[in-house]
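Any read-out appearing in this document is the output of simple, stated calculations on the displayed coordinates, not a laboratory observation. The structure presented is a predicted model; accordingly, all values stated were derived computationally and were not measured. For neighbour counting, all protein chains shown are included, and Cβ atoms are generated from backbone atoms with ideal geometry for every residue, glycine included.
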Amino acid sequence: MRIAFITSHINRSTQWNWFSEELLERKIPHIHIIINEKYPILADDLKKLGVTVYYLPHKGLLNHFVNLFKTMYYLKKHKINLVHTEMPMGNLIGQIAALLCLIKMRVTTVENTTWAFDFNSKKQYYIDKITFRLAKKIIALTNEARTFLLNVFKVDERKLTHIHHSLKQSDYLHIDKSRTEKLRKELEIDDDIFIIEWLPALNIGKVTSMR
């Protein structure tokens, strides 16, 4: 299996780092194509892990066509046979490119189920409709999202898979005590004070003391 993740509207994301870490550990080849107005920090984060990343700038309508052909080129170059898309341009460009490349395994994760209705955006509504039509498997992250997709977008229930968001346990359960003590000394924090350590590199907080 060779996977391509195609996303947009993103700067930094811990979850995509986790996905790549897990896939690399399992020795599953994958690439990441990011369609953004600006170069995302995520691209560098993934490259540090050893992932092949392609950044496609999106400035206007013309970029849709340029990015579509570039995406098709990368999918063929890496002999991709599973495409996983997310967010507006990632979905639109990714699903169409995968279809044109005759890739049968096309997956999308629905992060913002009500986006089109929240902002009264017909453009987003049709992007969603095209995405759900082309995708072979649609991942909903909550029960509410699943119900919304079924009732509002009339998604085929056979396409739907429900996977809850989760945390990577190793970042919360395996905590270096020496790191906690070093923080206490530097910040002159008493032993009975509850500490939550912030990790800028991962953009998450970790409980480092419960005393």
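Helical content alone sets the calculated 222 nm signal of the chain at -13000 deg cm²/dmol, taking -39,500 (n - 2.57) per DSSP H segment of four or more residues and averaging over every residue. Between helix 61-77 and the chain, what is the angle of the helix's C-alpha long axis to the longest principal axis, kept within 0 to 90° and rounded to the nearest 10? Computed tilt is about 80 degrees. Overall dimensions of region 1-51, expressed as equivalent-ellipsoid semi-axes from the Cα gyration tensor (√(5λ), whole Å, largest first), are 19, 11, 8. The ranking of THR109, THR52, THR147, THR180 by Cβ neighbour count inside 10 Å, starting from the fewest, reads THR147, THR52, THR180, THR109. Under 5 Å between amide hydrogens, built in the peptide plane, is the criterion, and for GLU111 it picks out MET87 among residues at least 5 positions away or on other chains. Helix 88-100 and the long axis of the chain differ in direction by around 50°, with both axes built from C-alpha atoms.
Taking the DSSP bridge list for the chain and keeping only pairs wholly inside it, about 15 percent are antiparallel.
Using DSSP to define loop residues, name the trypsin sites (Lys or Arg not before Pro) in region 92-156 whose beta-carbon has at most 13 other beta-carbon atoms within 10 Å. When the trypsin sites (Lys or Arg not before Pro) of region 92-156 are filtered for loop state and at most 13 Cβ neighbours within 10 Å, LYS104, LYS154 remain. Less than 5 angstrom separates the built amide H of SER8 from those of ILE35, GLU86, GLY90, all sequence-distant by 5 or more or on a different chain.
Give me the number: length gained by fully extending ASN143 to LEU102, i.e. 0.36 nm times residue separation minus the C-alpha to C-alpha distance, one decimal in nm. Gain on extension, ASN143 to LEU102, equals 11.6 nm.
By the count of other C-beta atoms within 10 Å, a proxy for reagent exposure, HIS9, HIS30, HIS84, HIS164 are ordered fewest to most as HIS164, HIS9, HIS30, HIS84.
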